[in-house]
Amino acid sequence: IVPATVFLPDPLTTAGVSYGAPYSDNGDSDVPELLAEIDTVSITVDLTNDTFRLMGPYVEILDFSSPSISPATSDSPSFYFTRSEEGFEDVNCFYHLHTFQEYMQSLGFMNLVNFPIGVDPQALNGQDNSMFSGNQLLFGDGGVDDAEDADVIIHEYGHAITASAAPNTWDGFERKALDEGIGDYLATSYGRSINPFNWEDMFSWDGHNEFWLGRTVV
């Protein structure tokens with residue numbers, strides 16, 4: 001168990017503000033206002049050959065989609081990054097996915113995505129898009145980095161959850177619409193459990209800005 005830095009669940013929610021300078025993407029730079037919204041949490045990681053890696057029973061940070069960026073590792077027992085560093089998105093994904101899996105198991109759901117799902121936090125050639133595909137999660141860096149927003153992380157995990165619960169049913173517009181709604185519900189309820197500010201805003205940090213409008217959970 002080591003300390004690490006994340007957004008809980010995103011910087012706008014913890015600051016209690018809407019998107020806009022200085023609370024804006026700023027080209028992924030470390031402006032003081034966004035740095036102030038970073039929290040320290042504890043994560044359980046792997047230690048092999050004196051190197052700490054973001055690997056665990058429910059999540060493994062990998063690089064399987066362009067751009068080619070090696071997963072964050074550490075020679076010391078900590079994962080301290082700021083959002084200008086690629087490792088921040090790695091840790092943010094690892095923490096929120098692991099936490100959500102533990103929550104599901106606390107409710108008695110022991111066999112939903114109960115394996116180390118592969119996650120690439122800088123994927124899809126930098127598109128402003130994310131997805132679940134082939135039992136892997138891919139997060140794009142376009143606009144606001146998707147992996148900085150717990151709403152995006154848990155929404156995409158929602159697709160993995162429904163695929164685990166009902167395999168091979170991703171067919172038809174109604175089924176796909178239900179899947180999007182389930183992902184939105186899981187994401188916003190998770191965010192609300194951490195901090196209720198503007199909880200109904202889906203993609204609170206990634207959306208509702210100049211890049212795209214996001215949506216509301218209603």
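The values are calculated or read from the model by the stated rules, or taken from the named source; none is laboratory data. Fair warning: this is a prediction, and the values are worked out from it, not measured in the lab. Backbone-built Cβ (ideal geometry, glycine too); neighbour counts: all protein chains shown. Ligands, DNA and RNA are excluded from the accessible area calculation, which covers all protein heavy atoms including side chains. Shrake-Rupley method; radii C 1.70, N 1.55, O 1.52, S 1.80 Å.
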Order the following by accessible area, largest value first: Phe7, Phe173. Probe radius 1.4 Å; ligands, DNA and RNA are ignored. Phe173, Phe7
Note down the magnitude of the dipole of segment 46-102 about its Cα centre, charges +1 on Lys and Arg C-beta and -1 on Asp and Glu C-beta and zero elsewhere, to the nearest 20 debye. 100
How big is the dipole moment of the chain about its Cα centre under a simple scheme where the beta carbon of each Lys and Arg is +1, that of each Asp and Glu is -1, and everything else is neutral? Debye, nearest 20, please. 680
Pop out the ³J(HN,Hα) list for segment 61-72 in order, Karplus 6.51 cos²θ - 1.76 cosθ + 1.60 with θ = phi - 60°, rounded to Hz; leave Gly and Pro as x. 7, 9, 10, 10, 9, 4, x, 7, 10, 5, x, 5
Rounded percent of accessible protein surface that carbon and sulfur make up, segment 95-197, 1.4 Å probe: 55
Name the shape class, rounded, prolate or oblate, that the alpha-carbon gyration tensor gives for segment 1-93, where a ≥ b ≥ c are the square roots of its eigenvalues, rounded holds for a/c under 1.5, and otherwise prolate holds if a/b is larger than b/c and oblate otherwise. prolate
Using only the alpha carbon atoms of segment 112-202, find the Kirkwood hydrodynamic radius as the inverse mean reciprocal pair distance, in angstroms to one decimal. 13.6
For segment 201-218, 3J(HN,Hα) per residue [Karplus equation, 6.51 cos²θ - 1.76 cosθ + 1.60, θ = phi - 60°, Hz, x = Gly/Pro]: 6, 7, 6, 4, 9, 6, x, 6, 8, 6, 7, 6, 7, x, 7, 10, 5, 5
With every protein chain kept in place and a 1.4 Å probe, the chain has an accessible area per residue in Å² of 45
Compute the Cα gyration tensor for segment 75-164, then decide on rounded, prolate or oblate, letting a ≥ b ≥ c be the square roots of its eigenvalues: rounded whenever a/c is under 1.5, prolate when a/b is larger than b/c in the other cases, and oblate in all that remain. oblate
What's the FRET efficiency of Arg175 with Val2 using the Cβ-Cβ distance as r and R₀ = 35 Å, to the nearest 0.05? 0.30
Computed magnitude of the charge dipole of segment 21-121 (debye, nearest 20; Cβ of K, R +1, Cβ of D, E -1): 380
Probe 1.4 Å, all chains present, heavy atoms only: Glu174 accessible area in Å², nearest 10, is 140
Residue-wise, which Karplus ³J(HN,Hα) couplings in Hz belong to segment 21-28, taking 6.51 cos²θ - 1.76 cosθ + 1.60, θ = phi - 60°, and x for glycine or proline? 3, x, 8, 9, 4, 6, x, 6
In whole angstrom, how far apart do the alpha carbon centroids of segment 136-215 and segment 89-119 sit? 15
Which Cα, out of Leu97, Gly126, Ala147, lies furthest along the positive dipole direction of segment 62-189 (beta carbon charges, K/R +1, D/E -1)? Leu97
Honestly the chain on the Cα gyration tensor test (a ≥ b ≥ c root eigenvalues; a/c under 1.5 rounded, otherwise a/b vs b/c for prolate or oblate) is just rounded
Can you give the accessible area of Met131, probe radius 1.4 Å, in Å² rounded to 10? 70
Just to be sure I understand: of the beta bridges DSSP finds with both ends in segment 84-218, what percent are antiparallel, rounded to 5? 60
